[in-house]
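Below is one structure, written out as structure tokens; the observations come after it.
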Amino acid sequence: MANDKNDKKIKKEKKHFFKDFKAELKKVTWPTGKQLVNNTIAVITIVLITAAIVFVLDLGFEMLNKYGINKLKSAIDSKNNQETTVVEDNASESTTNVENQDTTDGQDTDNTDITPSPEAQQ
């Protein structure tokens with residue numbers, strides 16, 4: 001019995017919802033056919049203009065990236081490569097200088113005459 005009351009209440013609420021829905025739709029002021037066409041044309045025009053602006057900006061940024069930033073990167077990379085080459089050349093020169101000094105020092109020590117003292121000979 002309680003189940004029947006709930007079912008009737010739900011059916012009544014559904015009917016009431018659809019009656020309210022229909023009443024609200026009657027209160028809406030619908031655009032005329034001419035207004036609908038004008039508004040549709042305005043929306044499509046704005047969308048096309050916006051798409052054209054985005055397209056032009058996209059091409060501009062792509063060209064800027066292609067010709068500007070990439071060339072700037074290559075210029076910086078070539079400068080870094082030149083500096084690296086100079087540093088490597090300087091490092092190899094300093095290594096060569098150190099090797100020459102070691103050879104010279106070794107020759108000085110080889111030329112020294114070590115004679116045992118007379119006390120060490122006994």
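Each value in this text was obtained by applying a stated rule to the coordinates, not by laboratory testing. Model, not experiment: these values are computed from the prediction. Note that we place each Cβ from the backbone using ideal geometry, even for glycine, and neighbour counts take in every protein chain shown.
Below are the figures for this structure:
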item	result
Neighbourhood net charge (12 Å Cβ-Cβ; Lys/Arg +1, Asp/Glu -1) for Lys5	+2
Principal axes of region 31-90: Cα extent on each, largest first, Å	84, 14, 6
For region 31-90, with +1 on Lys and Arg beta carbons and -1 on Asp and Glu, the positive-most of Ile41, Leu72, Val54 along the dipole	Ile41
